[in-house]
Amino acid sequence: MKGVGISSNILLLLQLICFGFLISSCSTGKYLGEDESLLKKNKLKLETQLNQEAEDALRFELSTFYRQKPNSTFMFLFPREWYYFVNEGDSSWYNNWARNSLGEKPSIFLESESYKTAESMQNYLRNKKGFYNAEVDYSVSTQNKKTTVKYEVDTKEQYTIASIDYIGEDEPLVSLVKSLSGDSKLKEGTPIDALAFDIEKGRITTELQNLGYANFVPNYINIIGDSTNYDHAIDILIEIRNPGVDQKHKKYVVGDVNVFTDYYQGQNREDLISKEMHGLIFKRASKNYSVRPSRLNERIFIKSGDLYRKDKQNKSFRKLSTLEPFRFINISPSLSAKSDSIIDINIFLTPYNKRWVSDTGVNLFYSSISASGRRLFGFSLDAALKNRNMFGGAELFSVNGELGYEFDFSPVVRTSAITGNLQANLEIPKVIDPIRGIFLLNKLGIISDKNNKLFRSESTTKMSLGYNQTNIIDFYNLRSVSASFGYDFRPNARNTFVFKTTGINFNDFQLKQNFLNNIQNNPLILNSFESNLFTGFLFNSLTHLYSSKKKPNGFSWAQISNFEISGWELLLANEIIDPNQQWKFNNFDYAQFIKFEFDTRLYKDLTAGSSLAFRFNTGLAIPLREDQAVPFNRQFYVGGPNSIRAWQLRELGPGSHSDLLLNPIDKQLFYQQGDIKLEANLEYRFDIFWLIEGAFFFDAGNVWTRRFDDTRLGAKFSGDFYKEIAVGTGWGIRWDLNYFLIRFDFGYRLRNPFPDPVHGNYWQPLSNFKFLGNVNVAINYPF
């Protein structure tokens, strides 16, 4: 994309920034009264005996008590209160919009609010954290209509727990609670903390509700402290109260469990067809069950005659909610008419009116490459058809198809590509073990009985069959047929494991002469483009996804780990049966390789409207046979809208090799990939106004080959890999529509992975920058 040189633009931008900064910073004071000032900063000086981790946590907790906070800035530079001031009093639509979207109500300093903040901090430390002698004071400093408030906190010594005992009139219940104290976080010597006491109340309540005490709630627990005999320590008494005078807490058992399989609001329950199966009473109004009772029974853990357990009720609700045919799920316990110690359970399942649903969409793609003057535009049409209850057992069947076209409308080169895929998926909400592999692993003790039960309870079986074609016109055509069988295992809300026990993928490459000329008949690249068959009959791949809970300070992280292996069973059998002859499939090689990839992501909220996001991605792919290369569609690449955005997809690398440097005009297709990948990305994201967000980012990384490549010098990974790291930066505008986000990212090259052939410099001069850089248009965040 043709653009304006960066030097003149930077000068203009700097002038605008300086002008805006001078106006905004120097002019806000004139809008204030004689005795008024703006709050510039809150400071917190904390004197405590806590360790560093506990001190950081306490510092964050105290910061939540600030009753006044300084105004934020727009794009780091322009104070938002300035926009509020200059547009105040003007009721036109534009000024209303500027005041409410770009501006913020000025944070005019009020000392009364600082006093209340200090008072709240002190009360919190004394009443909630066990710092009974804590003192909090504050001081104020004002200069040029800007006020800084410094809060000085001296926690003194924190009180600890000297002893813990349990009391109450219902001695058997007190003894039961005491016997369950092994899982308590309250121990002798731990600090006094109101939150810890609340957690303990919740733990006791949960334990009792899972032992039949359905009506037990935290209000029946009273915590008493006595510090008479200690200095800075307290005896803790946990009192279990009775529900009333001369009353004791009742233990309940489960009575009838009624399952209404096609419930709707206002349904006449007297006319329903009722049948008892699997210890449950199934009730329906229609001729047939919407979902087989046996499948529902697998997801209902409440059984008649058992002690009532709240955790089993919650688990039943969670598992039933994963069944696609049902729109609403409700579980309602009620006291039985037969006895005041029996609870009947009514499970109401409301199915969707239609089994089949469809969806269609259009996707657009645009990217410009300023270094080569290329402009890529693409679009695709997609359609999906889904059956929520394919065979009557809540099986989810879907068919997805996509057809796309991409072309380059730059004046220098013109390439185009046609892509298409068709995928059929079947998801069964139970474990199907056709070759009894999981059963055998359990019997051999490799999988314990506990883990086997958890796996079967929390897994779904997935099968897929697909066809994909990518035709880069005048370069190459790839046709792929794939089939897989495996499981999704979700042991908890934070972890997901995706197993593919069986995976078969046939790849047929057809290379055109234009492409062969481009790669200069490079044998290493040609080897990766050989038609092949991926196989995994006993084990194919494992992906682990972890997402942490966001901490009170706004920090969270996620990890995606992937392991894939192909052809290992056939390689082993080949070596044992016929080591002198390499097996083939109809003259096609069996792809035999192993691949690892790790993706770590860190997120930190800075303010209510801004955050930092960081990603580190690394990967390694190794062929299991020295005469093979890792297939092209399993190698690593960088560049593009979700990677290093200053370069186009597959434009970078491998290593210090530069295709554009060697052939800057005639090159029409990027195909650079490697066996090793290192990539890091950092983004600062912030709200601008309304649905519009902004971002500044840094990207760095590259790919390398494991073997020496005499036609691509510098491609092999070596000890000097750090010199071959490409670095890019840029900015972005995002439009957040809640369900998805439209992203425009503009990337600029800061550092090439190879030295400039004239001056020997890696870092790019500002004169090389274009105004918009490399334009990337994409959907949702890059990570």
I want to verify the translational diffusion coefficient of the stretch 164-211 in µm²/s; compute it with Stokes-Einstein, Rh as the Kirkwood radius over Cα pairs, at 25 °C and 0.890 mPa s. 214 µm²/s
Write down the accessible area per residue of the stretch 138-263 in Å², having rolled a 1.4 Å probe over the full set of protein chains. 51 Å²
All-pairs alpha carbon distance profile, the stretch 213-346, 10 Å steps from 0, percent: 10, 32, 26, 14, 10, 5, 2, 0
Two-site FRET efficiency, residue 242 against residue 52, from Cβ-Cβ distance with R₀ of 51 Å, rounded to 0.05: 0.70
Residue by residue through the stretch 199-209, what is 3J(HN,Hα) from phi via Karplus (6.51 cos²θ - 1.76 cosθ + 1.60, θ = phi - 60°)? Round to whole Hz and write x for glycine and proline. 5, 5, 4, x, 5, 4, 4, 4, 4, 6, 5
Short version: ³J(HN,Hα) in whole Hz for each residue of the stretch 417-434, in order, from phi by Karplus 6.51 cos²θ - 1.76 cosθ + 1.60 (θ = phi - 60°), x for Gly and Pro, what are they? 9, 10, 10, x, 8, 9, 9, 10, 10, 10, 10, 10, x, 6, 8, 9, 10, x
In the chain, what percent of the accessible surface is made up of carbon and sulfur (1.4 Å probe, ligands and nucleic acids excluded)? 56 percent
Run the dipole for the chain about the Cα centre, Lys and Arg Cβ at +1, Asp and Glu Cβ at -1, nothing else charged, and hand back the magnitude in debye, nearest 20. 1600 debye
Can you give the percent of C-alpha pairs in the stretch 420-566 whose distance is more than 18 Å? 69 percent
Run through the DSSP bridge list for the chain and note the antiparallel percent, rounded to the nearest 5. 90 percent
Considering only 582, 688, 206, whose Cα is most displaced toward the positive end of the charge dipole of the chain, charges sitting on Cβ of Lys, Arg (+1) and Asp, Glu (-1)? 582
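Please give the length that would be gained between residue 399 and residue 739 if that part of the chain were fully extended, namely 0.36 nm times their separation in residues minus their C-alpha to C-alpha distance (nm, one decimal).
Net length gain for the segment: 120.2 nm.
Just the number, please: Stokes-Einstein D of the chain in µm²/s, Kirkwood Rh from C-alpha pairs, 10 °C, 1.306 mPa s. Each step should come with its number before you reach the end.
Values: Rh = 32.3 Å.
Answer, rounded: 49 µm²/s.
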Computed E for residue 423/residue 495 - FRET, C-beta separation, R0 30 angstrom, nearest 0.05: 0.70
Label model pair residue 416, residue 594: point-to-point distance (7 angstrom along the Cα→beta-carbon line) in nm is 4.5 nm
Going by amide H atoms built from the backbone, whose H comes under 5 Å of the H on residue 593, apart from near neighbours? 566, 624
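By its C-alpha gyration tensor, with a ≥ b ≥ c as the square roots of the eigenvalues, how is the stretch 87-213 shaped: rounded for a/c under 1.5, else prolate for a/b larger than b/c, else oblate? Before the final figure, lay out the partial values.
Numbers: a/c = 5.08, a/b = 2.01, b/c = 2.53.
In terms of gyration-tensor shape, oblate.
Would you mind putting 487-494, 720-727 in packing order, based on average other-beta-carbon counts within 10 Å, highest first?
Details: 487-494: 14.1, 720-727: 17.1.
Taking the mean over residues of other Cβ atoms within 10 Å, the ranking is 720-727, 487-494.
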Contour excess over end-to-end distance, with Cα ends at residue 690 and residue 572 and 0.36 nm allotted per residue: 36.5 nm
Gyration tensor (Cα only) of the stretch 289-336 to equivalent ellipsoid, semi-axes in Å sorted down, yields 20, 12, 10
Tell me the accessible surface of residue 750 in square angstrom (1.4 angstrom probe, heavy atoms of protein chains only), to the nearest ten. 40 Å²
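Grab the Cα-Cα distance for residue 470 and residue 516, subtract it from 0.36 nm times how many residues apart they are, and report the gain in nm with one decimal. Please list the in-between numbers first.
Numbers: separation 46, 0.36 × 46 = 16.56 nm, distance 1.72 nm.
Contour length minus Cα-Cα distance gives 14.8 nm.
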For residue 275, go through the lysines and keep the ones whose alpha-carbon is under 30 Å away, minus same-chain ones fewer than eight residues off. 251, 283, 287, 303, 310, 312, 315, 319, 338, 354, 430, 453
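Taking square-rooted eigenvalues a ≥ b ≥ c of the alpha carbon gyration tensor, is the stretch 155-282 rounded, prolate or oblate, where a/c under 1.5 means rounded and, failing that, a/b exceeding b/c means prolate? Don't jump to the answer; show the numbers that get you there.
Details: a/c = 3.46, a/b = 2.71, b/c = 1.28.
Here the stretch 155-282 falls in the prolate category.
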Farthest towards the positive end of the dipole of the stretch 435-558, among 473, 487, 448 and with Cβ unit charges of +1 on Lys and Arg and -1 on Asp and Glu, lies the Cα of 448
Per residue of the stretch 765-770, in order, report the coupling 6.51 cos²θ - 1.76 cosθ + 1.60 (Karplus, θ = phi - 60°) as ³J(HN,Hα) in whole Hz, putting x for Gly and Pro. x, 4, 5, 7, 6, 9
Skipping prolines and chain starts, which residues have an amide H placed within reach, meaning under 5 Å, of the one on residue 160, given they are 5 or more residues away or on another chain? 192, 233, 234
Using amide H atoms built 1.01 Å from N in the peptide plane, name the residues 5+ places from residue 703, or on other chains, whose amide H lies under 5 Å from its own. 655
Hey, got a sec? Which chymotrypsin sites (Phe, Trp or Tyr not before Pro) in the stretch 194-241 land in a DSSP loop and have at most 16 other Cβ atoms within 10 Å? 230
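In the stretch 427-482, what trypsin sites (Lys or Arg not before Pro) fall in a loop by DSSP, with at most 11 other Cβ atoms inside 10 Å? Intermediate values should be presented prior to the final figure.
Values: sites: 430, 436, 443, 450, 453, 456, 462, 479; in loops: 430, 436.
Taking the stretch 427-482 and a limit of 11 other Cβ atoms within 10 Å, the loop trypsin sites (Lys or Arg not before Pro) found are 436.
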Modelling each spin label as a point 7 Å along the Cα-to-Cβ direction, I'd like the residue 768/residue 409 distance in nm, to one decimal. 2.9 nm
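How many Å² of accessible area per residue for the stretch 686-748, probe 1.4 Å?
Details: 2980 Å² over 63 residues.
That works out to 47 Å² for each residue.
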Checked against the positive end of the charge dipole of the chain (+1 on Cβ of Lys and Arg, -1 on Cβ of Asp and Glu, about the Cα centre), the farthest of 223, 360, 624 is 360
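The values are calculated or read from the model by the stated rules, or taken from the named source; none is laboratory data. Here the structure is a predicted model, which is why all the values come from computation and not from measurement. No Cβ is skipped: glycine too gets one built from the backbone with ideal geometry, and neighbour counts run over all protein chains shown. Just the protein is used for accessible areas: all its heavy atoms, side chains included, with ligands, DNA and RNA removed. Shrake-Rupley method; radii C 1.70, N 1.55, O 1.52, S 1.80 Å.
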